[in-house]
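To start, the structure itself, in structure tokens.
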Number of protein chains: 2
Amino acid sequence: MSRRRYCPASFADVKLTGPFWRERLDVVLSRTIPSQHVKLDEAGILESLKLPQPPPPLTIPRNAHGFTMQVFWDSDVGKWIEAASYTLSHRRDADIEAQIDAIVDDLAKAQSSDGYLNCWYNGREPDKRWTNLRDNHELYNAGHLLEGAIAYFRATGRRRFLDIMERYVDHIAVIFGTGPGQKRGYPGHQEIELALVKLYRLTGDRRRLDLAAYFIDERGRQPHYFTEEARARGEDPAAYWAGTYEYSQSHIPVREQTKMVGHAVRGMYMASAMADLAFELGDDDLKRACEALWRDVTTAQIYVTAGLGPSESNEGFTEPYDLPNETAYAETCASVALAFWAHRMLHLDLDGAYADVMELALYNGALSGLSREGTHYFYANPLESRGQHKRWAWHACPCCTMNVSRLVASIAGYAISTSDDGVAFHLYGGFETMVALDGVRVALREASRYPWSGDIAIEVDPQAPVTFDLKLRVPGWAKDATAAVNGEPISLTPERGYATIHRRWSKGDVATLRLAMPPERLYAHPSVRADVGRVALRRGPLIYCVEEVDNPGAPVQTLTLPRDAEIDATWRDDLFGGVVALTASAKRLVPGGGALYSSAPPATREAPLTALPYHLWANREPGSMQVWIAEAGERE
Amino acid sequence: MSRRRYCPASFADVKLTGPFWRERLDVVLSRTIPSQHVKLDEAGILESLKLPQPPPPLTIPRNAHGFTMQVFWDSDVGKWIEAASYTLSHRRDADIEAQIDAIVDDLAKAQSSDGYLNCWYNGREPDKRWTNLRDNHELYNAGHLLEGAIAYFRATGRRRFLDIMERYVDHIAVIFGTGPGQKRGYPGHQEIELALVKLYRLTGDRRRLDLAAYFIDERGRQPHYFTEEARARGEDPAAYWAGTYEYSQSHIPVREQTKMVGHAVRGMYMASAMADLAFELGDDDLKRACEALWRDVTTAQIYVTAGLGPSESNEGFTEPYDLPNETAYAETCASVALAFWAHRMLHLDLDGAYADVMELALYNGALSGLSREGTHYFYANPLESRGQHKRWAWHACPCCTMNVSRLVASIAGYAISTSDDGVAFHLYGGFETMVALDGVRVALREASRYPWSGDIAIEVDPQAPVTFDLKLRVPGWAKDATAAVNGEPISLTPERGYATIHRRWSKGDVATLRLAMPPERLYAHPSVRADVGRVALRRGPLIYCVEEVDNPGAPVQTLTLPRDAEIDATWRDDLFGGVVALTASAKRLVPGGGALYSSAPPATREAPLTALPYHLWANREPGSMQVWIAEAGERE
């Protein structure tokens, strides 16, 4: 059967050769992953796997609601193993493998004879397992451990961790379901669904897919599981600290949801799992639910940086167009998970709109979470600062650290997809792979300095001449795109964001794509209160920001950019190993007599403006920062 | 000895005849005070004075730090008695007096034999009195009860409550001080200092003034009392939930403080007490400390509405120019207390700059806390809303309710001051009084429709011709002011905000002052990030805002006001019994294709703009609101 549908090429089969992501990958390989192991050790997380008796005092105290973030620690271990395993696909490393094997030893010892495996419960509250799915993340932890086990198996072929986790999944499948005596529960924090689909793809065991589908479809049904569960604990369900089940997107069944609500990371993981299931099951109803949520997020709830979730109080969504800048929560994990979701949507429909958002998240809201040197992080990614935001070396809830490292370590997996008769490039920037098309092995070598330059060349090198579709993504931001094959211009008529070059390809053929990358102004929908009268700058896939270190003398909030000021793109060798900066002749608001309020408007003076890519902010001396710059005025 | 210094005329000696404050006063008399008694009863606060044994369950649970707001309840009772007593000066009321007497009965029973009086401690934790001044508000409660007792005595001549409170103050003076065996403590929440100065002024008992001075000067000394006290409770002082003693302005001695920090209401009460003491003691060093704090607040930390304290987390100050609009905390109590402070500063120096801020607070940030019908309140007073802000009928911490009612009930006390040879008018709007000048009784009748109109007439009616200074405040906002005596124009040369008419006044003389009140645009200092590119509207002492109910069709945040648009002032009989509305031909930003971000700026269309006084917002149907309106652009 011919496979017309596009599937992602595995990151392990794609080589990274371009300067941008190669540098980020090297940092994650050489600095981030090792330093994260040190931090997991220092934080007591590795020790917690050993189930010491009696358990040591809590490292993270219980909060007013009686729970501690320490119950999430298993997930951090799982995510680190996953991220580390991805780096092993690039470069095997005996030290890291020994560290992982030591963790797997601990997990093996911690596992109960019935397969149950949760170091918090087995270590402290063995009689309370499965009593608080709403808050205590057992299934979430299981999901992350499972993803770690799958990644480690794929990287090394070692099955021990995978065996442990398959036993645990077997146990979970006994406990949960619609059968007699089973609990009709599902995770308070979605995640295991993604892991189960991955396990199905690895093993072909259909029961894994069914369990994932059960968790998704059971969610939000009445009588509400979390309500029953709270009553069983002797608690008043109405006293739920989060107030509403919207927090975990379990307020109504997922297929009825049309607005993205609640905790952003939970929502993104859920939507990713829904897309996975729609793909695997051919479930068009589920696909339509995904599409409704996608429309809601992308037309009313996403920051221009692809940050998601304005509010700290629920780590999530509030209402349409509520996108404050300085207080933006925009958790790194949420943008990482948005990339997951967009990538999955893209494989339901090869539509560049999904790839545009995926790319936006990768280069902006997700990447901003990792410092330049690779050992400091942002949990929240505001779009404005007065200088109070500093990257941290670790966090009481370190979820974001390993989410961004596992994304960067597997970034090549987002670049290319294949079908039986075609190859699609979603990302550019130096990706090489070998694919089989119509039974012929074809080497593909994409070379470019993307995202700094839009000049892209793809060498096509088949073992024998072969006919296939080369699909090249023409990003939504690219208003001027041209292409050629072997130097001969071809007409470029992208459909849904992809230009198709259908021909018989021979060794030595070169397709080139030229995407003009002028600096651009962006304006928000007028209902975005925070951005009225403001403008953002973009070049290619990169959103820019102004930082005080590049615009010294006063907070950057006093900069205003005239609507007619020319914006220049300049290569700056001296910054971050080379970046494209945007510069303009702008204005500074100048304090008058020092009065706080005055009937005279502030005076202005000419002032240069320098903007750098947003993901690079807060890597130099602290100071003010802003994405949305005040406009000096429209002259009508 | 001639008294050259100006002292406020008591509100009980000033009759309110003008429409603006008369209406507010009537509402407070007839609706607010009675309804507050009902609420104190419903909330269990009145019951708590009866020390029922065993105590009933907590109405307000203990928070994560182990304390409950219920420890503040005595203060609510004191403040209600104070506010109610002020209304009695306007109109005696047997029902209210019976309610107060019943409370006084309970307090008499609750008082310990040694004079100690705190219904929380005596009712629940009698062995813990004076063990947590930092958090538990014993001295704050004492202060409010004392202010209530003084007000009730002044209104009715009944001494019982005052006697109770003087016994308590005697006890406090035994416990606290620098003598051997005394505790070197002071209140975690300043307030008693103001009450003690009032008691000194009532009784002439110098020990009360000394105790107030002790509390102020002991504050912030090392070794730090709150640190020692926490250790004595067996607690780690470093675990203080507020993090820093800046929260209660006790981080350093008060005379060394030059920046207003921490909890706004505490800071305002402290500064008010400092000004009181500087006045009574002629303490120029303390006066200079007040002036430094004043400069800091008024040049960098005050909202245009006279709101104070942008942050909810500390109910207080953050850093210079940090004045976000939608999340502004700007507690009603803080603006009320700012009026207290400004009034006291004005009597250290008759400088209109103080009166300007006092007036701004009265008409805007404080008055906005009370609903039009008098039974609903704002605790926080944001300068922008998307419609989520609703006035509430009561609050777990009802401090603001009685603060605004005691202010309105005594508003006439802010209008006029006298010295031996002069009368100063600070406020206008219909104030009449009788004063003695150079031994001659002089009736003064100020008539105006202020703040709606700046046309002011003052009839001077001495028993016999007498020479004195009539000092008329020319507000800082009044750029065009003219005056006449008996119709003859006089030259007006205000000094520090007051124009002095020195002459021999005879029966029938009329001084008139005409303050032009054009609508004005206000701009914030460019360091106020939230207001860059925005404009506020003022007319006279009133700050205006746009509400969706007057500007329907879309959130008001989509309105932009061209810099050159003419702003008209229009009398609107149909709104709130008559108000001056401001109207302009403005623009609306119009959504384009519905995209959240676009490279095309939003289109605009002509749209009328109607602004009403800020203090009236949220009295009609809910909707968006904004004080700082986007400017449609400067054309240079």
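The values are calculated or read from the model by the stated rules, or taken from the named source; none is laboratory data. Only a predicted model underlies this, so the values are computations on that prediction, with no experimental measurement involved. Using ideal geometry, Cβ is built from the backbone for each residue, glycine included, and neighbour counts are taken over all protein chains shown. These accessible areas exclude ligands, DNA and RNA; they are computed on the full protein's heavy atoms, side chains included. Shrake-Rupley method; radii C 1.70, N 1.55, O 1.52, S 1.80 Å.
Annotations
- Using C-alpha pairs under 8 Å with a sequence gap of at least 6, the mean separation divided by the residue count of chain A gives a relative contact order of 13 percent.
- The stretch between residue B:231 and residue B:59 holds 59.0 nm of extra length on full extension. This uses 0.36 nm per residue minus the Cα-Cα distance.
- Label zone at residue A:564 (point 7 Å along Cα-to-Cβ), backbone N below 20 Å, the stretch A:587-613: A:587-589, A:604-609
- By the rule of a C-alpha distance below 20 Å, with chain neighbours fewer than 8 residues away ignored, the lysines paired with residue B:507 are B:15, B:471.
- The distance from the alpha carbon centre of the stretch B:561-636 to that of the stretch A:553-596 is 30 Å, rounded to a whole number.
- Within the assembled protein chains, the solvent-accessible surface assigned to residue B:95 is about 110 Å², based on a 1.4 Å probe.
- Modelled label positions at residue B:506 and residue A:392, each set 7 Å beyond Cα in the direction of Cβ, lie 7.9 nm from each other.
- Of interest is the spacing of the C-alpha centroids, which for the stretch A:186-227 and the stretch B:1-72 amounts to 56 Å.
- For residue A:285, inter-copy label distances in nm, listed shortest first [label point 7 Å out on the Cα-Cβ vector]: 8.1
- Percent carbon-and-sulfur accessible area, chain B, ignoring ligands, DNA and RNA, probe 1.4 Å: 50 percent
- Once the C-beta distance of residue A:105 and residue A:38 is scaled by a Förster radius of 22 Å, the resulting FRET efficiency is 0.70 to the nearest 0.05.
- 18 Å cut-off, amide nitrogen to a point 7 angstrom out along residue B:258 Cα→Cβ, residues in the stretch B:299-324: B:299-301, B:319-321
- Surface accessible to a 1.4 Å probe, per residue, for the residues of the stretch B:80-222, Å²: 35 Å²
- The distance separating the Cα centre of the stretch A:413-447 from that of the stretch B:339-377 comes to 71 Å.
- Accessible area of residue B:255 in the full protein assembly, 1.4 Å probe (Å², nearest 10): 80 Å²
- Which of B:109, B:39 is most accessible, then next, and so on - probe 1.4 Å: B:109, B:39
- Difference of contour (0.36 nm per residue) and Cα-Cα distance, residue A:94 to residue A:184: 28.1 nm
- Diffusion coefficient, µm² s⁻¹, Stokes-Einstein with Kirkwood Rh over alpha-carbon pairs of the stretch A:485-569 at 4 °C and 1.567 mPa s: 76 µm²/s
- Placing R0 at 30 angstrom, the Cβ-Cβ distance between residue B:238 and residue A:163 gives a FRET efficiency of 0.05 after rounding to 0.05.
- With its label point put 7 Å out from Cα toward Cβ, residue B:299 sits 5.2 nm from the same residue's point in the other copies, in order from shortest.
- Residues listed by number, the stretch A:452-490, amide nitrogen under 14 Å from residue A:434 label point at 7 Å toward C-beta: A:461-464
- These residues, B:261, A:510, go from largest to smallest accessible area, 1.4 Å probe, as A:510, B:261.
- Once A binds B, the 1.4 Å probe can no longer reach about 4200 Å² of accessible area, counting both sides.
- Here the relative contact order of the stretch B:386-440, from alpha carbon pairs under 8 Å that lie six or more residues apart, stands at 22 percent.
- Residue by residue, the stretch A:523-530 carries 3J(HN,Hα) couplings of 10, 8, 3, x, 6, 7, 3, 5 Hz when phi is fed to the Karplus relation 6.51 cos²θ - 1.76 cosθ + 1.60 (θ = phi - 60°); x denotes Gly or Pro.
- Share antiparallel - DSSP beta bridges, the protein assembly as shown, percent rounded to 5: 90 percent
- log10 of Debye I(q)/I(0), alpha-carbon scatterers only, for the protein assembly as shown at 0.05, 0.08 Å⁻¹: -0.43, -1.00
- Per-residue [θ]222 nm for chain B (sum of -39500 (n - 2.57) over DSSP H runs n ≥ 4, rounded to 500): -10000 deg cm²/dmol
- With the simple model of a label 7 Å out from the Cα in the direction of the Cβ, residue B:221 to residue B:457 spans 5.9 nm.
- Principal axis analysis of the Cα atoms in the stretch A:409-472 yields extents of 35, 22, 16 Å, listed in decreasing size.
- Pseudo-label separations to other copies for residue B:54 - Cα-to-Cβ vector, 7 Å, nm: 2.9
- Residue A:529 contributes an accessible area of around 30 Å² to the protein surface, as traced by a 1.4 Å probe with all chains present.
- Against the criterion of solvent-accessible heavy-atom surface with a 1.4 angstrom probe, B:259, B:198 sort, most first, into B:259, B:198.
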